[in-house]
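The values are calculated or read from the model by the stated rules, or taken from the named source; none is laboratory data. Just so it is clear, the model here is predicted, and its values are computed rather than measured. Every residue, glycine among them, receives a Cβ derived from its backbone with ideal geometry; neighbour counts consider all protein chains shown.
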Amino acid sequence: MERLKGANNRRVKSMNQSTVLQYIRGKGQVSKAEISDRTKLSFTAVKNIIEELVSYDLICEVGYDESSGGRKPLLYQIKSDRFYSIGLHLSVSRIRVSILNLEGKMHHQFETETRKEWLQSNEIIDRMIECIERALIDANVERDKILGIGMAIPGPLDPFAGIVLSPPNMKGLEHVRLKELVEAHFGLETFIEKDANLIALGEFWHGAGRLNHNVFYLDADIGIGSGFIIDNKLYHGSPYGAGEIGHGTIHIDGPRCNCGNYGCLEAIASGLAIERRAGEEIRRGADASFRTLYLDNENSIDIYTILHAANEGDELAGRLLLESARYVGIAIGNAINLLMPQMIVIGGTLTHAYPAYFDQVKEVALNRILSSFADNARIEKAQLGMFGGAIGAGMLVLENFFDKDLSEGLPEAASRSQEGQAAPGAVTGQAGE
Ligand SMILES: [Zn+2]
């Protein structure tokens, strides 16, 4: 019974500590009185927790708040250079890596082209590891300050087992135990998650979705995916797999999709679908600035050629992109009617590379939802650009760290450097660097 009571006390203490830490994290700079007021914890409890977090070197004093009389209260914030996280985003065209500080701000970023042949073999795993190594060297961050690695990978995948399942166009990752492989290489805790989920998480923390509790994100890119944050947490489904809006049927007699079904949104409106449609139109005799290029070599035309042509005023390219935006707008309308999130964010290459795309998606979506909801629906363009996935991947590592039970001292996450050295202070909780 006593043991049970002890365990309960520790649990409550850990929950309170986590509440305080998360509040500081969300707010930036904050005083003890404000934390106590907003979290409903007593001032003494907050004072004790703050002392402990300062002793772990996780937060620090940053000056004084304006006072309404009496002593000016001290302000605290997360100690940004205490720890770092690594986020990697793999797409068919790029590998992007971000190194975030403990506040979640970008410390260093790195990007390289993904070659198609890498994706067809295990070589892609070595290339991703190399990119992380390279980013670590360039960023000049000590290994024992790295909390872990987050990876945004095209789905489907099992985030809990850390296994990639069968992403289209990436034979080299089929059924790969990616989490295990990367952990074995770096000796750092590693998380894998579907790319759209992590772009959603990035936008939720630092982009168009910030200050909202419920955010729906749609990624209009080579493929189409979505991710959502419900009550400040990434929503996985049970056990996982939520967000496959790209495989919702949008045209009952539509073309065959990569997934085997017919008429999926992805088969009609994705970057790959637009490439296919452009080819069909040209073979039927349609004119386009890239017509000769296509007739010489069909493989020379991809979605980037089409986006470029549309921006140069090419009529066919512009028409195909807006047609895609109409379907995506309808899908967004469906999502709003189903979920009514606080904020809907649209991103991906199609959105970022062709300005009229977003306007069309938004207009169609607002026309398709119940008119009584239209005033409350907020639809915004993603703000983190093409680095959203790498930022979200780094945020996933930080989320996990801040969710940990710190009541017995810091977790050893940071002490597992490749050399096997314990981070100074990581076990004892002393400021050690
Ligand atoms: Zn499909």
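Condition check: closer than 23 Å to HIS206 by Cα, outside the structural domain of ILE149 (by TED's automatic domain parsing), part of a helix (DSSP H, G or I) and among the aliphatic types (A, V, I, L, M). Does VAL361 satisfy that?
Against the criterion (closer than 23 Å to HIS206 by Cα, outside the structural domain of ILE149 (by TED's automatic domain parsing), part of a helix (DSSP H, G or I) and among the aliphatic types (A, V, I, L, M)), VAL361 qualifies.
Which condition from (1) buried (at least 20 other Cβ atoms within 10 Å of the Cβ); (2) more than 12 Å from ILE274 (Cα to Cα) is the one that SER324 breaks?
Condition not satisfied by SER324: (2).
Which of the residues that make up region 208-227 are farther than 28 Å from GLU275 by Cβ and either crowded, with 24+ Cβ neighbours inside 10 Å or free of Cβ contacts under 8 Å to residues at least 24 places away in the same chain (or both)?
Once the filter is applied, which keeps residues that are farther than 28 Å from GLU275 by Cβ and either crowded, with 24+ Cβ neighbours inside 10 Å or free of Cβ contacts under 8 Å to residues at least 24 places away in the same chain (or both), region 208-227 yields GLY209, ARG210, LEU211, VAL215.
Here's a check for you: in region 80-106, which residue that is hydrophobic (A, V, I, L, M, F, W, C) and in a strand (DSSP E or B) is surrounded by the fewest Cβ atoms within 10 Å (Cβ to Cβ)?
It comes out as MET106.
Going by what's in this entry, would TYR217 be described as hydroxyl-bearing (Ser, Thr, Tyr), farther than 29 Å from ARG143 by Cβ and in contact with a Ser or Thr (Cβ under 7 Å, 6 or more places away or on another chain)?
It is true that TYR217 is hydroxyl-bearing (Ser, Thr, Tyr), farther than 29 Å from ARG143 by Cβ and in contact with a Ser or Thr (Cβ under 7 Å, 6 or more places away or on another chain).
I'm trying to understand the selection: among the residues of region 14-52, which are within 18 Å of ASN400 (Cα to Cα) and out of contact with any Phe, Trp or Tyr (no Cβ under 8 Å at 6 or more places or on another chain)?
Matches in region 14-52: SER14, MET15, ASN16, GLN17, THR19, VAL20, TYR23, GLY26.
Of ARG10, ARG71, which residue is part of a helix (DSSP H, G or I), loosely packed, with under 15 Cβ neighbours inside 10 Å and among the charged types (D, E, K, R)?
Being part of a helix (DSSP H, G or I), loosely packed, with under 15 Cβ neighbours inside 10 Å and among the charged types (D, E, K, R) holds for just one of ARG10, ARG71, which is ARG10.
Would you call GLU280 acidic (Asp, Glu), within 13 Å of the ligand (Cβ to nearest atom) and either touching a Pro at 6+ places or on another chain (Cβ under 6 Å) or not in a strand (DSSP E or B) (or both)?
Criteria not met by GLU280.
Could you run through region 55-68 and say how many residues are in contact (Cβ under 8 Å) with a residue 12 or more places away in the chain and either among the aliphatic types (A, V, I, L, M) or not in a loop (DSSP other than H, G, I, E, B) (or both)?
Residues in region 55-68 being in contact (Cβ under 8 Å) with a residue 12 or more places away in the chain and either among the aliphatic types (A, V, I, L, M) or not in a loop (DSSP other than H, G, I, E, B) (or both): 7 in total.
Which residue is surrounded by the fewest Cβ atoms within 10 Å (Cβ to Cβ), if the candidates are limited to region 236-250 and must be without any contact (Cβ under 8 Å) to a residue 40 or more places away in the chain and within 16 Å of the ligand (Cβ to nearest atom)?
Among those residues, the one meeting the criterion is THR249.
Among the listed residues ILE306, ILE274, ILE301, ILE346, which satisfies the condition of being at pLDDT below 95 and either under 29 Å from ASP195 (Cα atoms) or of a type in the set (Ser, Thr, Tyr) (or both)?
ILE301
Out of region 255-266, which residues are assigned to a helix (DSSP H, G or I) and either near the ligand (Cβ under 6 Å from one of its atoms) or surrounded by fewer than 18 Cβ atoms within 10 Å (Cβ to Cβ) (or both)?
GLU266
Could you check ILE49 against (1) on the phi < 0 side of the Ramachandran plot; (2) part of a loop (DSSP other than H, G, I, E, B) and say which number it fails?
(2)
Look at ILE199 and say whether it is assigned to a strand (DSSP E or B) and either within 22 Å of the chain's Cα centre (by Cα) or away from the ligand (no atom under 15 Å from the Cβ) (or both).
no
Which of the residues belonging to region 107-133 are assigned to a helix (DSSP H, G or I) and either of a type in the set (Phe, Trp, Tyr) or at positive phi (or both)?
Result: TRP118, single match.
Residues are listed down the side, and each one gets a yes or a no for (1) over 27 Å from VAL12 (Cβ atoms); (2) in contact with a Lys or Arg (Cβ under 6 Å, 6 or more places away or on another chain):
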position	(1), (2)
SER36	no, no
LEU53	no, no
GLY69	yes, no
PHE83	no, yes
ILE86	yes, no
